[in-house]
């Protein structure tokens, strides 16, 4: 059984082992389901009306034992990566083995000894249920961290569990003069996007991101942050790789850092990766200052700092029937993303009229390839809260785009594969918040584009297919 003790082969682990090991989170649900059904059936047969279940009990125990064996094997393979807290992993591994042995014993007893001592049998079932629950809890700790389950529990519950009281949250920043560069900007970004995989219970790459000291310490491959040098900082390289790259962070299935979050981490590293310091004392440039203000919710003109009322359900239902797909963008507000590009219907004036009733809530709108015309854009230009607008693959021209000049909150405009020309630059110059515009496969002249880019560094113009 020594193979169950030695783990942590790390980077020398063959890919095939990692491949099968990652099936553990899927397979592990099978023994939970089968064994819970077996436990329920085992106790139910005490009542005459459930006696027909006796014919199935041994089969359930057998399926539970077989799937538990698969879960143990795949779990062992996964443990070899060495990315987990050793003590918790040890307990999880061996409690899983106990579940396997007990379920095999129950299968054997139910198959061969139907008249086995009922008290001992009931005791084994209760023991198995407790061990199964404990094993699952440890697995959750390995995946999400040991405090995940009780992270938001009231302090009396935390005290019973042996956890310290909840930390008093930092006061909300009200002015930049009170904003700490690490505690109010960097650490919250890492906590939100990175710490779930790099904490005390789950140390991917032997890397912890729970404090400044541990960030600077780095992981198994050395330093991840080189103060003053983003190009040599592994952390920055990982978060700016293409999402499909195998080394991209966060890993697949987790939400990547936003452009704003990447910009702020880049600025922090370039300015020495400080452990503390008031933002205003670091003399950030005007653009960086605006980004920090926006991130901290101090920009009064930022649309996301305003609270909007929920939309009418009847209106949303009607638009959904027309072909719209809606996503709520914020948990504590009612801003919406609307996507019509997946609809089989063409856009119409009546649909746009209905959409105007969401002008307060609508901030992202995708009207790609919906047979949009210049005339439609007059009403689209009334959606004053739009931040992101995709009009690609439509036969629209400069005349239509002129109607959008009043969209003062617009930050991203996609005009790929439309009929706009270089005249569009005169129009978008009125959009003071515009950061990105997509102009590949349009009538924009290449030389005019290059001249415009040289004169306007703040607007990112995407003029090639790979960037779409």
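Values quoted throughout were computed directly from the atomic coordinates according to the rules given, and no laboratory measurement underlies them. Owing to the predicted nature of the structure, the values given are computational and were not obtained by experimental measurement. Here the Cβ is made from the backbone with ideal geometry for all residues, glycine too, and neighbour counts use every protein chain on show.
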Distance between modelled label sites at residue 379 and residue 223, nm, 7 Å Cα→Cβ extension:
5.9 nm
Just to confirm my numbers, what's the Cα centroid distance between the stretch 311-390 and the stretch 182-206 in Å?
36 Å
Which angle between 0 and 90 degrees, to the nearest 10, do you get for helix 286-295 versus the longest principal axis of the chain when only C-alpha atoms count?
40 degrees
Across 5 Å bins from the origin, how do the percents of Cα pairs in the stretch 242-401 run, short distances first?
1, 7, 14, 16, 14, 13, 14, 10, 5, 4, 1, 0
Multiply the residue gap between residue 170 and residue 458 by 0.36 nm, knock off their C-alpha separation, and tell me the result in nm, one decimal place.
100.3 nm
Please give the per residue volume of the convex hull enclosing the alpha carbon atoms of the stretch 313-467, rounded to a whole number of Å³.
109 Å³
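Per DSSP helix of 4 or more residues, -39500 (n - 2.57); summed, then divided by the residues of the chain. What does that give at 222 nm, rounded to the nearest 500? Please report the intermediate quantities before stating the final value.
Values: 18 runs with 194 residues, N = 468.
One gets -12500 deg cm²/dmol as the mean residue ellipticity at 222 nm.
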Calculate the translational D of the stretch 2-158 in whole µm² s⁻¹ from Stokes-Einstein, where the hydrodynamic radius comes from the Kirkwood formula applied to all Cα pairs, the temperature is 20 °C and the viscosity 1.002 mPa s.
127 µm²/s
With the Cα gyration tensor of the stretch 176-299 in hand, give its eigenvalues times 5 under a square root as the equivalent ellipsoid semi-axes, listed largest first in whole angstrom.
23, 16, 14
Can you put 278, 168, 269 in order, fewest other beta carbons within 10 Å first?
168, 278, 269
Sticking with the crude label model, points 7 Å out along Cα→Cβ, report the distance from residue 101 to residue 119 in nm, one decimal please.
2.4 nm
Quick check: the angle from helix 313-322's long axis to the longest principal axis of the chain, C-alpha only, nearest 10 degrees?
80 degrees
Taking the Cα centroid of the stretch 233-260 and of the stretch 16-38, what is the distance between the two, rounded to the nearest whole Å?
28 Å
Share of Cα-Cα pairs in the chain beyond 31 Å, in percent?
60 percent
Provide 152, 76 in ascending order of the number of other Cβ atoms located within 10 Å of each residue's Cβ, fewest first.
152, 76
Between residue 313 and residue 345, how high is the FRET efficiency from 1/(1 + (r/R0)^6) when r is the Cβ-Cβ distance and R₀ = 22 Å? Nearest 0.05.
0.55
Can you tell me how much longer the chain between residue 294 and residue 325 gets when fully stretched, taken as 0.36 nm per residue apart minus their C-alpha distance, in nm with one decimal?
8.4 nm
Subtracting the Cα-Cα distance of residue 143 and residue 159 from 0.36 nm times their residue separation yields 3.5 nm
Sequence of 304, 107, 340 once ranked by neighbouring C-beta atoms within 10 Å, starting from the fewest:
304, 107, 340
Tilt, helix 446-455 to longest principal axis of the chain (alpha-carbon atoms), in degrees rounded to tens, equals 90 degrees
So, with points 7 Å from each Cα along the Cβ direction, the residue 211-residue 246 label distance in nm works out to 3.4 nm
Let's test the formula: R0 of 41 Å, r as the Cβ-Cβ distance of residue 354 and residue 446. What FRET efficiency results, to the nearest 0.05?
0.55
